[in-house]
Structures are given as C-alpha cells and as structure tokens.
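Nothing in this text is a laboratory measurement; each read-out follows from the coordinates by a stated rule. All figures in this text were calculated on a predicted structure; none of them were measured in a lab. So basically every Cβ, Gly included, is an ideal-geometry build from the backbone, and we count neighbours across all protein chains shown.
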Amino acid sequence: MWAMARILLLSPYNGGSHKAFAEGLETHSRHEIDLLTLPDRFWKWRMRGAGMLLASRVRRRRRQDWDLVMASDMMNLAEFRALSGLADRPHVLYFHENQMDYPLPEHDQPDLHFGFINLASAQAAERLIFNSRTHREAFFAAVPRYLAAMPDCPLPDPVPSLRRRSRVLPVGCDLHWLRRHADRGARSGPPVILWNHRWEFDKDPDLFFSVLDGLAAAGLDFRLILAGACSQVKPKPFLAARRRHHHRILSYGYVPSRRDYARLLGKADIVISTALQENFGVAVVEAIACGAWPLLPRRLAYPEVLPASWHEACLYSSPADLVKRLEALLRTGLPPAAEQAKLAEDMLRYDWSALIGSFDDLLAGMISQEGSPSH
C-alpha cells in the first residue's frame, strides 16, 4: 500500500462526465485531493486560456505543498507548468477526448491550434492516461497526420516517447449509487427507449431519430426518454423530434438532479448510441448498469467497453442492422431478465470501487519515482 499523497487536480471544463470524474476521484481516492475547477462553457477559451488562468490562481494560494498535479485535456498543461511555480512536481494528463481526431460538421474547418495544445500538454506531462485503448491508439495514429499538416520545420516524432509514458485507465463511475436509486420496479406498457448522450452533432441524433421515425411509421409502439446535456439554444433535431413524437416522450431535456437522472435510467428498457465519436461512453455504461439493454455501433470504444461475450447480442454493424435489431426487440420483447441482470452486473467493473485502487497506485507510484519536493 502506497502512502497518502497531496494532489492538485485541475478540471478546467468542469461539467458532465469531466465533473463526475473529478468529483469521483476526489471522493473515492485515499489521497488528499485539492480540486481546482473552471465552469464548463466557452470550451475554446478554456483550451487557450485555462492554463494561464489556473496558474495565476495557484500562485495566489498560500498552499503550495502538493506532491503531484493532475489535469484533464481541456487546457494547455505546458503553459500551466511553466507559469504555476510547480514545474518541479510530476504532472499527469488525463485524456477524456482529444481535438486531433474530433469529428466536425460538414462545413466546419478544423482549427489546428487545439490539437496542438493537446500535443504540447502531452509532452509536458510525465504520465498520460487515456480512458480507453481505442482512444490511445486513435491519438497516436493522429499525431503524425497532424504534424504533417504543419508548413515547415518538422518536429521530431514525439509518439515513441509519449507512448512509453501512456497508460489506460477507464473512467470511474458511481454505478452502485445509480443502481440503488434507479428503482426499476415492475415493467408495463411499451418499451422505453433512452437517449442520454449530449445533444450534439458528434452523437448523430439525426440517425437516431431517423430510425425511430421509420419504426413509428411501421406501427411499432414505444416510449422515449430524451435526456443529456444541451449547449444549443435551438437543438433542431430534438425540437423536430419533439413535435413528431410528443405523445411518446416521457421526459425531455437535461435532468440536473442525479437522483432524478437515476430514476429515469430505471425506467429505460433500451439505450441506443448512434455516435460518430466516443472514447469511452459514460452515459451508456450508466444506462446498462441500471438495466437498459444496449444497441451500440460495432466501432469506436464500444467493442472495448462492452465485454466480448455481449458483442453479438448488443453491437450493430450498420444503420440497417440497428433497425433490424431494434424492431426485433420492439416486436418480440427484451432478453430474459436474468440475461439483462448479468449484463448490468458486468458493467460494475467501471464502478469507482473497482478502479480507484489502480488510480491511487499509479499516482502514488509516480511520486515515489520522482521524489516529492515537499518532503
């Protein structure tokens, strides 16, 4: 057992899964976590300015005795390390996502600066942690393509060094807590289909609603829960779907209360992802753990996150395959309750109780290797 350490945890875009991860680590870690956050808005400004802003706040603090600094990817860790006065402490960077391979709407042009911030941050850290192997491999595949787009003075290939410093640790989730408050109860009425992802382009709501429209036109009955965070004033796909499916919708919009969110998960029979981008899938993991049956694309991080024994039953290979599988569930019913319960139990590998030891040991081991300036 490693000794307890003092860790400064930076969450520059503290909302959604980023906030849940930071607060979960703070709550469950045996280490003393000092959490410093910024609100989850103006993501481009966070990427560009959070490093300098958080460094200035750290310099004003009387406490400077942290053993290690850990940050998420939505900031420039190189700038923070240079300006905070903590350059001699080991730094860890946790990648929830990266800007090098993030999909863009059809007419948007990529801003190469944001991917370069990710790369500079990675090079400034002693340890990189990715939330999945899929994400780690996508990042390292993107780096040479990204650098090839630069106009001159090519940089030395950073991938071998970065890869040696990288680890994979899935996102910890409070699944036991959600299951206690989900309260599935007796099932009656049409199956309830859940969307609990962000209301954004990269989750492909157009495909999701297209599938539902087709099944509704075929006379199949179902109900809808449309949860998840939304940063848009007028989320057009959801507003249009609300008009078409108003009589099917049990809940519409973001649910700020975790207890109320857990109750919605308890009502869901089927959770669907049509994502274009997913490095882990906290929303799906939460829904499955609370009893929803998943239909997920056979790509992105889903084949890694879902145990292999469930791939044949739960992963679809194309939009047509999704329609076929969902139609079968709506016509003939869900799998046996024991099978659903076994899948839900399998997701508990992502509960904080199962993962926190790996996080704590990794952080303590880094301090032991580097030596702590405060001791």
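Listed values, structure above:
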{"quantity": "Segment Val233-His246, length gained on full extension (0.36 nm per residue, minus Cα span)", "calculated": "2.7 nm"}
{"quantity": "Diffusion constant of segment 90-224 at 20 °C, which comes from Stokes-Einstein with the Kirkwood Cα-pair radius and 1.002 mPa s, µm²/s", "calculated": "115"}
{"quantity": "Compactness index (Cα Rg / 2.2 N^0.38 Å), segment 173-279", "calculated": "1.07"}
{"quantity": "Rg over Rh, two decimals, segment 9-124 (C-alpha only, Kirkwood Rh)", "calculated": "0.97"}
{"quantity": "Ranked list, fewest to most other Cβ atoms within 10 Å of each Cβ, for His247, His31, His181", "calculated": "His247, His181, His31"}
{"quantity": "His311-Arg165 pseudo-label distance in nm [points 7 Å out on the Cα-to-Cβ vector]", "calculated": "3.3"}
{"quantity": "Mean Kyte hydropathy of -0.5 or more with a Cα span along the axis of at least 15 Å, helices from DSSP in the chain", "calculated": "112-124, 133-148, 205-217, 319-332, 352-370"}
{"quantity": "Coarse-grained scattering of the chain at q = 0.08, 0.11, 0.12 Å⁻¹, given as base-10 log I(q)/I(0) from a Debye sum over alpha-carbon atoms", "calculated": "-0.43, -0.81, -0.94"}
{"quantity": "Along principal axes, Cα extents of segment 175-350, largest first, whole Å", "calculated": "37, 35, 34"}
{"quantity": "Sum of -39500 (n - 2.57) over DSSP H runs of 4+, divided by residues of the chain (222 nm, nearest 500)", "calculated": "-14000 deg cm²/dmol"}
{"quantity": "Fewest-first sequence of Glu286, Glu106 by Cβ atoms within 10 Å of each Cβ", "calculated": "Glu106, Glu286"}
{"quantity": "Antiparallel bridge percentage (DSSP; both residues within the chain; nearest 5)", "calculated": "0"}
{"quantity": "Segment 173-219 and segment 1-38: distance between their alpha carbon centers, rounded to Å", "calculated": "30"}
{"quantity": "Rule-of-thumb Rg ratio for segment 64-105 [Cα; 2.2 N^0.38 Å; N residues]", "calculated": "1.41"}
{"quantity": "Fewest-first ranking of Ser56, Ser132, using other Cβ atoms within 10 Å as the exposure measure", "calculated": "Ser56, Ser132"}
{"quantity": "Relative contact order of the chain, pairs being alpha-carbon contacts under 8 Å that are 6 or more residues apart, as %", "calculated": "17"}
